[in-house]
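Working notes, structure below.
The values are calculated or read from the model by the stated rules, or taken from the named source; none is laboratory data. Just so it is clear, the model here is predicted, and its values are computed rather than measured. Note that we place each Cβ from the backbone using ideal geometry, even for glycine, and neighbour counts take in every protein chain shown. Heavy atoms of the whole protein, side chains included, go into the accessibility calculation; ligands, DNA and RNA do not. Shrake-Rupley method; radii C 1.70, N 1.55, O 1.52, S 1.80 Å.
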Amino acid sequence: MLVPETQLKTAYSRLAVTSQSATTAASLVGSLLLSIAGVLGMVVTAIVSYTTSLVFQRQIAVEREPTRVQTRSARDGFQILFASKALRSLTVSAALTNAGVMLGNTMLPVLVHRDLEIPSAVFAIMGVVASIGAVLGSAVAPLLTTRIGLRRLRICSALIAGPAVLFAVYCRQLPGHEVIWLMLQAFLWNLLVSISSVAGADVLPRVAPRHRLASVGAAQRTITLGIMPISALIGGAVGAYTGTTAMIWVWAGLAVAAALPLLRVSELDQF
């Protein structure tokens with residue numbers, strides 16, 4: 001492993017902060033380039049960015065331990081994942097959160113643009129505010145995990161995230177301009193999701209056998225990421241009949257439900 005076990009929390013936090021910061025910067029720079037160079041300039045910039053990334057990755061050298069060819073790695077990955085109560089509960093919780101993320105990504109633009117008729121420029125600013133929340137959440141997650149405990153932090157984040165989503169539903173009824181509440185919702189949601197994503201990221205490498213890290217990680221991501229397109233498709237189809245408000249309530253429900261798999265898993269307290 002490249003990072004000692006005692007520094008995994010910090011390493012995952014710094015990686016997430018870097019990723020979120022790059023995403024925020026790319027959004028700002030991309031908007032500027034689009035207005036100056038147009039779509040063709042954006043395409044050229046994307047090609048240059050991917051090529052540069054490839055060049056830098058080729059310079060990465062990692063010492064590998066000799067391993068035997070393993071069979072049934074996918075099956076073994078799922079078996080190890082579900083054999084650990086800690087990994088199983090975190091995976092199910094993350095899947096519920098990610099289902100809410102994609103449902104929100106599907107419904108929120110419809111609410112903002114069609115129902116509230118908010119300009120695209122304002123929606124772009126909301127995206128920047130959301131990214132700031134994500135960066136902050138990634139940065140504070142290790143400290144909060146140490147002080148509060150992993151299980152308690154993940155449960156509290158889920159329970160707060162649900163009501164935070166509802167700011168989007170009641171933005172017109174709450175005092176002040178609706179955009180303020182939408183930005184608060186975007187900031188809090190991304191803050192809490194980032195905290196949940198970073199908090200507990202070190203559990204898998206600490207629990208899974210080293211020679212099975214790749215297969216267990218792949219099994220976990222199959223569940224946590226595989227739910228996302230399913231949630232978007234189902235949410236979009238159902239939302240076409242029920243309306244955005246009903247689906248945002250489902251989004252809030254998924255956020256709160258992410259706390260349920262963690263409630264009685266005492267194994268998480270050791271992390």
Going by average Cβ density within 10 Å per residue, which order do the peptides 247-253, 263-269, 190-196, 227-233 take, highest to lowest? 190-196, 247-253, 227-233, 263-269
Mean Cα-pair separation over length for the stretch 111-252, i.e. relative contact order, pairs under 8 Å, 6 or more apart, %: 32
Sorted list, accessible surface of protein heavy atoms, 1.4 Å probe, largest first, for LEU54, LEU262 is LEU54, LEU262
Name the residue farthest towards the positive end of the dipole of the stretch 96-211 from the options LEU111, ILE160, VAL207, assuming +1 on Cβ of Lys and Arg, -1 on Cβ of Asp and Glu, about the Cα centre. VAL207
Per-residue counts of other Cβ atoms within 10 Å, averaged by peptide: what ranking do you get for 108-115, 200-207, 119-126, highest first? 200-207, 108-115, 119-126
Carbon + sulfur, % of accessible area of the stretch 92-195 - ligands and nucleic acids excluded, 1.4 Å: 70
As a test of reading the structure, rank THR224, THR242 by solvent-accessible area (1.4 Å probe, protein chains only), most first. THR242, THR224
Which value, in Å² rounded to 10, gives the accessible area of GLU117 with a 1.4 Å probe and all protein chains present? 150
In debye, nearest 20, what is the charge dipole magnitude of the stretch 71-191 about its Cα centre with +1 on Lys and Arg Cβ and -1 on Asp and Glu Cβ, if you could check? 700
Heavy-atom accessible area per residue, the stretch 161-265, 1.4 Å probe: how many Å²? 46
